[in-house]
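The values are calculated or read from the model by the stated rules, or taken from the named source; none is laboratory data. Because the structure is a prediction, the values reported are computed rather than measured. Using ideal geometry, Cβ is built from the backbone for each residue, glycine included, and neighbour counts are taken over all protein chains shown.
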Amino acid sequence: MLDILDLADFIGRRRRALADLGVALEMRRDFERLQALDLPGKTLSPMFAPRHYDLLDQRARWICGWMDGEIVHIQAIRLIDTGEASLEDALRGEFARIFGPPEPGAAGPIAEALADIRGRVVYHGELWTDARLRGTGAGEKLGALGVGAAMAEFDPDYLVGFMEQPLAARGFFLREGYLHIEPVGSGWRRGAPFLLESDWIVYAGRADLRKLVRRDAQQNRVMQPASRLEPMASGNTSR
């Protein structure tokens, strides 16, 4: 069972740490605005484009980070309810609709693990952080905050994203809260052009996510001074 107060603290601790760095955050639903952004070094994928997906304001959110009046961070989350189908099948259908049928050679699975992922799945992507925040620890806090936001907004069975090789090699997925990683199938560069052949799939299940929040809460309680309050007596104490 997830303690919703532990989840609120998980998100809140990271938001406060980012505020100490001067980053203000807001959750948004206006994906036309997201798609219109021109950010240095960032090419937006089609995975949150209103022209490809209906009802994004109900099924998706994006997070915007501001510093000194300028956007310094974005990320987005989108619910994919696969029903009885696998995420592998769901993503194949999405990619075919967006990019057309895959070219010859784009064979094999997107990733082996996706065949076993189904139900309420949140896709987590579009993470970008301005260069001025490098070396501050903001990146992992922002990623973990997105994981917490996905849990709070959509209560997913799984959380899934793509990660580039340099970040995966540094273990960034673990610091965000993803406990599993698998390489993207080599043929899918031709089936989904925004994927690199060196990319990885990162994912976490419901039990993984709840364990992450519980462990974070336990570690925080260890660092806090013990309460001097006695446990509240049971029974009705109102007058």
Legend entry - When residues of region 145-164 are limited to those that are surrounded by fewer than 24 Cβ atoms within 10 Å (Cβ to Cβ) and among the aromatic types (Phe, Trp, Tyr), the one nearest to Thr82 (Cα to Cα): Phe154
Legend entry - Given (1) surrounded by 14 or more Cβ atoms within 10 Å (Cβ to Cβ); (2) at pLDDT below 80; (3) on the phi > 0 side of the Ramachandran plot, index of the condition Gly235 fails: (1)
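Would you check if Arg92 is farther than 24 Å from Ala152 by Cα, out of contact with any strand residue (DSSP E or B) (no Cβ under 7 Å at 6 or more places or on another chain), of a type outside the set (A, V, I, L, M, F, W, C) and surrounded by 14 or more Cβ atoms within 10 Å (Cβ to Cβ)?
Details: farther than 24 Å from Ala152 by Cα: yes; out of contact with any strand residue (DSSP E or B) (no Cβ under 7 Å at 6 or more places or on another chain): yes; of a type outside the set (A, V, I, L, M, F, W, C): yes; surrounded by 14 or more Cβ atoms within 10 Å (Cβ to Cβ): yes.
Considered against the rule, which asks whether it is farther than 24 Å from Ala152 by Cα, out of contact with any strand residue (DSSP E or B) (no Cβ under 7 Å at 6 or more places or on another chain), of a type outside the set (A, V, I, L, M, F, W, C) and surrounded by 14 or more Cβ atoms within 10 Å (Cβ to Cβ), Arg92 comes out as yes.
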Inset, instruction - Among the numbered conditions (1) within 22 Å of Glu140 (Cβ to Cβ); (2) in contact (Cβ under 8 Å) with a residue 24 or more places away in the chain, tell me where Leu37 comes up short. - result: (1)
Inset, instruction - Please specify each residue of region 64-81 satisfying the condition of being in contact (Cβ under 8 Å) with a residue 60 or more places away in the chain, within 19 Å of Thr136 (Cα to Cα) and either surrounded by 22 or more Cβ atoms within 10 Å (Cβ to Cβ) or under 16 Å from the mean Cα position of the chain (by Cα) (or both). - result: Gly65, Val72, His73, Gln75
Legend entry - Hits in region 1-34 - residues which are more than 27 Å from Ala207 (Cβ to Cβ), touching a residue at least 60 places away in the same chain (Cβ under 8 Å) and in contact with an Asp or Glu (Cβ under 9 Å, 6 or more places away or on another chain): Leu34
Legend entry - Test set (1) at pLDDT 90 or above; (2) surrounded by 15 or more Cβ atoms within 10 Å (Cβ to Cβ); (3) assigned to a loop (DSSP other than H, G, I, E, B) - Gly191 fails condition number: (1)
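Would you please name the residue that is nearest to Phe95 (Cα to Cα), looking only at residues in region 26-52 that are charged (D, E, K, R) and in a strand (DSSP E or B)?
Arg28
Would you confirm whether or not region 7-25 contains a residue that is under 17 Å from Lys141 (Cβ atoms) and in a strand (DSSP E or B)?
Of region 7-25, the ones under 17 Å from Lys141 (Cβ atoms) are 7-25.
Filter again for in a strand (DSSP E or B), leaving 24-25.
Yes, because at least one residue in region 7-25 is under 17 Å from Lys141 (Cβ atoms) and in a strand (DSSP E or B).
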Inset, instruction - Could you check, for region 26-41, whether at least one of its residues is under 15 Å from His124 (Cβ atoms), surrounded by 13 or more Cβ atoms within 10 Å (Cβ to Cβ), modelled with pLDDT of 95 or more and not aromatic (Phe, Trp, Tyr)? - result: yes
Inset, instruction - State all residues of region 137-155 that are outside any helix (DSSP H, G or I) and either touching a residue at least 60 places away in the same chain (Cβ under 8 Å) or over 16 Å from Ile4 (Cα atoms) (or both); if no residue qualifies, say none. - result: Gly137
